[in-house]
Amino acid sequence: LRQRKIASSQKFLREFPNHPKTAQIIDAVIEDQLSLGQLQNAINTSRQLLALDRKMPKALEKKAWVTIANAQFDLKSYEQAEKTYQQVLNYDWSADKRRRFRRQRATALYKRAENLERRGRRPQAATLFVSVEDTLPGSEIAAKALYDAATLHLKSERWRSAIALLDEFQKAYPQ
């Protein structure tokens, strides 16, 4: 049923692209795609919404960016998600939502670093691990990332860098 609703909405949008409710119809399509787990389609439709040549409610614009970021994250496209969360953070949010989006961005960075480490790219992974600390200082994931960066430097026999990171870790997380 939802798939038919999506198809008929998309047909309507093709036939009446200048309809005053275009943004709201696209938003409904995105909601249906998300409920069906069609994450890539939801990303594409959100981009379609953002590309509209008319002014739309700021809430819909923000929602489209959040949809893209969350779907990219869920699809494990961490590099794209990290960049999109940065875009999301350009908007005004409540303190709780801002914290959540910063945490998601930091997690995406951490996941990117893990992927680089698995591919044997230790220096790049260590750099990204350190950037997690810069993105969300004082957090649990930042502590883990800083420690992981130091560990990678130790494995690569980059002793001075490892010592510097371990000193930073000890100062930032004395417990």
remark   = Restricting the stretch 24-61 to residues that are assigned to a loop (DSSP other than H, G, I, E, B) and open to solvent by 40 Å² or more (accessible area, probe 1.4 Å), the one farthest from TYR91 (Cα to Cα) turns out to be LEU36
inquiry  = For the stretch 1-23, give me each residue that is assigned to a helix (DSSP H, G or I) and among the charged types (D, E, K, R).
reply    = ARG2, ARG4, LYS5, LYS11, ARG14, GLU15
query = Would the stretch 84-94 turn up any residue that is assigned to a loop (DSSP other than H, G, I, E, B), of a type in the set (Asp, Glu) and farther than 23 Å from LEU128 by Cβ?
reply = yes
task = Being more than 15 Å from ALA59 (Cα to Cα) and of a type in the set (Val, Ile, Thr) is the filter here, so list the residues in the stretch 23-40 that pass it.
result = VAL29
message = Condition (residue is in a helix (DSSP H, G or I), more than 22 Å from ALA108 (Cβ to Cβ) and open to solvent by less than 80 Å² (accessible area, probe 1.4 Å)) applied to the stretch 147-157: is it met by at least one residue?
response = yes
note = Only unsatisfied item for THR67, checking (1) closer than 29 Å to ASN44 by Cα; (2) among the hydroxyl-bearing types (Ser, Thr, Tyr); (3) open to solvent by 20 Å² or more (accessible area, probe 1.4 Å), is (3)
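The values are calculated or read from the model by the stated rules, or taken from the named source; none is laboratory data. As the structure is a prediction and not an experimental result, all values here were calculated from the model. Backbone-built Cβ (ideal geometry, glycine too); neighbour counts: all protein chains shown. The accessibility values were calculated without ligands, DNA or RNA, using every heavy atom of the protein model including side chains. Shrake-Rupley method; radii C 1.70, N 1.55, O 1.52, S 1.80 Å.
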